[in-house]
2 protein chains.
Amino acid sequence: MKAKTLKGTRDFLPEQIAKRKYIFGIIEDVFKKYAFSQIETPAMEEMSTLSGKYGEEGDKLLFKILNNGDFLEKADEKALLEKDSFKLAPTIAKRGLRYDLTVPFARFVVNNQNDLVFPFKRYQIQPVWRADRPQRGRYQEFYQCDADVVGSDGLLYEAELVQIYHEVFKKLGIGVQIKINNRKVLFGLAEAAGIADKFVDMTIAIDKLDKIGKEGVEKELSERGVSLESTEKIFKMLEVTHFEDLRPFFNEGSEGIKGLDELKQVYDFISCTQIKNLVFDVKLARGLGYYTGCIFEVAVDTHIHEGFVMGSIGGGGRYDNLTSSFGLPNMSGVGISFGAERIFDVLTELNLFPPNVESKSSIVLMAMDQNSLVYAFQVASTLRDQGLNVDIYPESGKLKKQIKYAVDKGVKYAGIIGDQEVADQVVMCKNLETGEQRALGLEDLMSVISRG
Amino acid sequence: MKAKTLKGTRDFLPEQIAKRKYIFGIIEDVFKKYAFSQIETPAMEEMSTLSGKYGEEGDKLLFKILNNGDFLEKADEKALLEKDSFKLAPTIAKRGLRYDLTVPFARFVVNNQNDLVFPFKRYQIQPVWRADRPQRGRYQEFYQCDADVVGSDGLLYEAELVQIYHEVFKKLGIGVQIKINNRKVLFGLAEAAGIADKFVDMTIAIDKLDKIGKEGVEKELSERGVSLESTEKIFKMLEVTHFEDLRPFFNEGSEGIKGLDELKQVYDFISCTQIKNLVFDVKLARGLGYYTGCIFEVAVDTHIHEGFVMGSIGGGGRYDNLTSSFGLPNMSGVGISFGAERIFDVLTELNLFPPNVESKSSIVLMAMDQNSLVYAFQVASTLRDQGLNVDIYPESGKLKKQIKYAVDKGVKYAGIIGDQEVADQVVMCKNLETGEQRALGLEDLMSVISRG
């Protein structure tokens, strides 16, 4: 019988858990300082809650849960006869696994609106599931880590989210660039180039700039009917590095100007902080998304971590209609996401995890005989009463085997106990790194092992 | 469009999350002191890993995940034609959601055996899924919280697990009885009554004693062919309150004597601790289970919490063959489980959650105009740099609305900022409980709000 995890899923061993908790712990502490509260939603949602929210491709990647019992009883007869999986699925699977944290959050807000105080600042750290083809760094089950505020369009929140990004990555020791743009500015570009009707096409093309280069984008725009003149104007605007330099391109009262004003407000807040790594990037488009205002993306700063290549490790933005598909309109929201799995990889590759991230016991008590084992158990109880993390080998005798256990676990001290130690009420404390050993009373033992 | 959670699943709001984390935090701290390490396994497992592990009833309660894409392509033709859901399921759903933490742990041990040091002490706190009919207190998605050691039959671990139960419930403020028995002792009962061949029947009957009473058990045993004489002998033995009093009933070298010796060893360890609530209960049977040695169950002590009725809030025991179904024999293990959902209910009903379990911000900063809002943002940044949890209302003006926000969130102070405060570099700190207000410089403000 094989005992493997499914492809695209992983076991987490103690050291990995400790490292993941280190990341989530830092993020959570910062979320809390900014008055975000944690919520959790169920892994399983109604398929009707999930379907149609992630586009056609997304729908295909939803994991659906087979109805229990005689599920074929209520199955679509025609779909069954025609062996039409696509049509049959909704009639035999009413539940699905959550695909992200955003849609469940929207459902949560509508569901619990009477128990929430708005603006509602929430964070959520939970696994999500996607039936993507598994490959290196891409999993079918992975954690997402989001913070969102709903119920206000105040741009102060954009500034706070920038602060959160800044503080978290500073604490993690990762040098980053926090890129910012605004969807209205992108629309302004399209307007100024006279292709407001091709805004989506333009956004999709710009989003690919990194991948297909300027010529590729030009070709794509041309294929979509954008004139050469318009394309040139767009590229001229894409060269801008200070957002205020776009103002001359836009008409008064236009969407573009609104976008610039929003960016200015965010920068006004940020200018009274120490933050120097908020970078305006007119080329930042964040895919199609549902964003309507400011958008963010975080990348490892390759000036600080030279030659380090990694996709974005965070992203987010403002959306005007998070909850409208659940019947609650006019709920403006803004949120960010931390790419926890990638952050784990960055910390690993840059060797940035602190040395003792896993809080191990620093001693294993070892008994030479059954009588000593009872004494060792007493010693362990006393040390643990002082809050110390203590391990004890469960069987007496065979010192070699016991020492091997401690060494394999990377524990620093062996606390050996035999007849003599029981009689003297001491523990023979052996440093497994140096080989030194000393008989210590409990008080001394405590101070040695609490030093770690 | 409805926005409900599925029946049997729940959203957790911030206060509930804080309370759940309080429980898990206490349990985790104790687990760590006893040198248990945390692992996590995926929610999704191969159906072949899960099937056949929980009996026929359990199999029916497994949530199965529909294969992605054209799942009917590889479906069993015959089962499809005959509309045989039971036969069809394995051919269209190869994944399932974990049903408990024990089977995934067994799979984990076998899967990762080369990376683990044995005896391996692990704990795991994750949700599990069961297609049970939802009802009050019974969910389809709920958390389990387990600690197990595998790779040793040392009874020291039984004693440590008793200590863990004792310490956790002491810290939670719940008075409990930790009941202990031993499967070998139960077998000894059957042997002594001359019905060793009916051991399972006897165990099942004894397990129902609380529910169906003595007469019910007598009737059930009689129906299963146990003679009146045997039944009387069993009941005589069931009256014993000290396990040593069973010794005269058992033959030397029998299983029963082994069980008593095991219990004695555990009590020898526990006798050198302060633990007074480990109670031998010969009637404790722990269902059918896979237990082979000591078994445990924790119940709220109704002498301490008078008249409080609640099922067991923890249970566990020793099993000899956790991993054999995954091809790794001779791995003795022992483990306990905390009934986290029930513990939550006990703490709620007994009003035992600490008052400020949710760490809220103690101040909401409020600005009278846009200029003040930028200053308020600066103040917030300064306070947060000191590690304080601070909230700030995102829009200036309308003080009434801002105060309402703070009051609804149960925040103690409003930090009001207008022209005058900006000019004086102070914050008008209003106690929302008493109505008192004072203009405070940042230093003073900090000390006021850090007092909470």
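The values are calculated or read from the model by the stated rules, or taken from the named source; none is laboratory data. Since the structure is predicted, the reported quantities are computational estimates derived from the model, not experimental observations. Virtual Cβ from ideal backbone geometry, glycine too; neighbours counted across all protein chains shown. Calculation scope for accessible area: heavy atoms of the full protein, side chains included, ligands and nucleic acids excluded. Shrake-Rupley method; radii C 1.70, N 1.55, O 1.52, S 1.80 Å.
Taking the C-alpha atoms only, the angle from helix A:14-33 to the longest principal axis of chain A is near 60 degrees.
Three principal axis extents describe the C-alpha atoms of chain A; from largest down they are 93, 64, 47 Å.
Using the Cβ of B:E220 as centre and a radius below 14 Å, the other residues enclosed give a net charge of 0, where K and R count +1 and D and E count -1. Quick one: grab the alpha carbon gyration tensor of segment A:234-273, order the square roots of its eigenvalues as a ≥ b ≥ c, and give me rounded if a/c is under 1.5, else prolate or oblate depending on whether a/b is larger than b/c. Oblate shape, in that a/c is at least 1.5 and b/c is the bigger or equal ratio. Each other residue within a Cβ distance under 15 Å of B:V200 adds +1 if Lys or Arg and -1 if Asp or Glu, for a net charge of -1. A:C294 sits with roughly 0 Å² accessible to a 1.4 Å probe, with DNA, RNA and ligands left out of the calculation. Once backbone amide H atoms are built at 1.01 Å from N, A:V279 has A:I178, A:K179, A:I180 as its partners under 5 Å, excluding neighbours fewer than 5 places away on the same chain. Suppose R0 equals 45 Å. What FRET efficiency, 1/(1 + (r/R0)^6) with r the Cβ-Cβ distance, do A:R451 and B:R224 give to the nearest 0.05? For A:R451 and B:R224, the calculated efficiency is 0.15. Computed from phi, the 3J(HN,Hα) profile of segment B:242-252 under the Karplus parametrisation 6.51, -1.76, 1.60 (θ = phi - 60°) reads 9, 4, 4, 5, 7, 3, x, 6, 9, 7, 4 Hz, with x in place of Gly and Pro. Along segment A:447-452 the Karplus relation, 6.51 cos²θ - 1.76 cosθ + 1.60 evaluated at θ = phi - 60°, assigns HN-Hα couplings of 6, 5, 7, 6, 6, x Hz to successive residues, with x for each Gly and Pro.
Keeping every protein chain present and rolling a 1.4 Å probe, give me the accessible area per residue for the protein assembly as shown in Å².
Working: 39080 Å² over 904 residues.
Value for the protein assembly as shown: 43 Å² per residue.
In terms of overall dimensions, the C-alpha atoms belonging to the protein assembly as shown reach 100, 74, 56 Å along their principal axes, ordered largest to smallest. By definition, a body whose alpha carbon gyration tensor gives a ≥ b ≥ c is rounded when a/c is under 1.5, and segment A:363-451 falls into this rounded group.
Per-residue ellipticity at 222 nm from helix content only, as computed over the protein assembly as shown with -39500 (n - 2.57) for each DSSP H run of at least four residues, stands at -12000 deg cm²/dmol.
Once you have a ≥ b ≥ c as the square roots of the Cα gyration tensor eigenvalues for segment B:1-128, tell me rounded if a/c is under 1.5, and otherwise prolate or oblate according to whether a/b is larger than b/c. Oblate is the answer for segment B:1-128, as a/c is 1.5 or above yet b/c matches or exceeds a/b. Distant-in-sequence amide contacts of B:Q38, defined by a placed amide H-H separation under 5 Å and a gap of 5 or more residues or a different chain, comprise B:Y123. Within the assembled protein chains, the solvent-accessible surface assigned to B:F63 is about 0 Å², based on a 1.4 Å probe. Measuring with a 1.4 angstrom probe and ignoring ligands and nucleic acids, B:L440 comes out at about 10 Å² accessible. With Cβ to Cβ distances under 10 Å as the rule, what net charge do the other residues near A:Y319 carry (K, R +1; D, E -1)? Around A:Y319, the surrounding residues sum to 0.
In nanometres and ascending order, the distances from the A:P355 label point to those of the other copies are 4.3 (point 7 Å from Cα along Cα→Cβ). Between B and A, roughly 9200 Å² of accessible area is buried in total, ligands, DNA and RNA not counted and the probe set to 1.4 Å.
Applying a DSSP loop filter and a limit of 11 other Cβ atoms within 10 Å to the GluC sites (Glu not before Pro) in segment A:229-321 leaves A:E239, A:E252, A:E306. Here the label points at B:K283 and B:L352, each 7 Å from Cα along the C-beta direction, are separated by 2.3 nm in the simple model.
In this structure, the amide hydrogen of B:A439, modeled 1.01 Å from its nitrogen in the peptide plane, lies closer than 5 angstrom to those of B:C429, counting only residues at least 5 positions away or on a different chain. Of all beta bridges that DSSP places with both ends in the protein assembly as shown, some 80 percent have antiparallel geometry. Projecting the Cα atoms of B:G397, B:L383, B:Q425 onto the charge dipole of segment B:363-451 (Cβ charges, centred on the Cα centre) puts B:G397 farthest toward the positive pole. Distances from A:V279 to itself in the other copies, using label points 7 Å out along the Cα-Cβ axis, amount to 6.7 nm in increasing order. 3J(HN,Hα) along segment B:218-226, derived from phi through the Karplus expression 6.51 cos²θ - 1.76 cosθ + 1.60 where θ = phi - 60°, amounts to 4, 5, 4, 5, 4, 4, 8, x, 8 Hz, with x in place of Gly and Pro. Centroid-to-centroid, using Cα positions, segment B:23-98 and segment A:390-414 are 37 Å apart. The orientation-averaged projected area of the convex hull spanned by the Cα atoms of segment A:222-335 comes to 10.4 nm².
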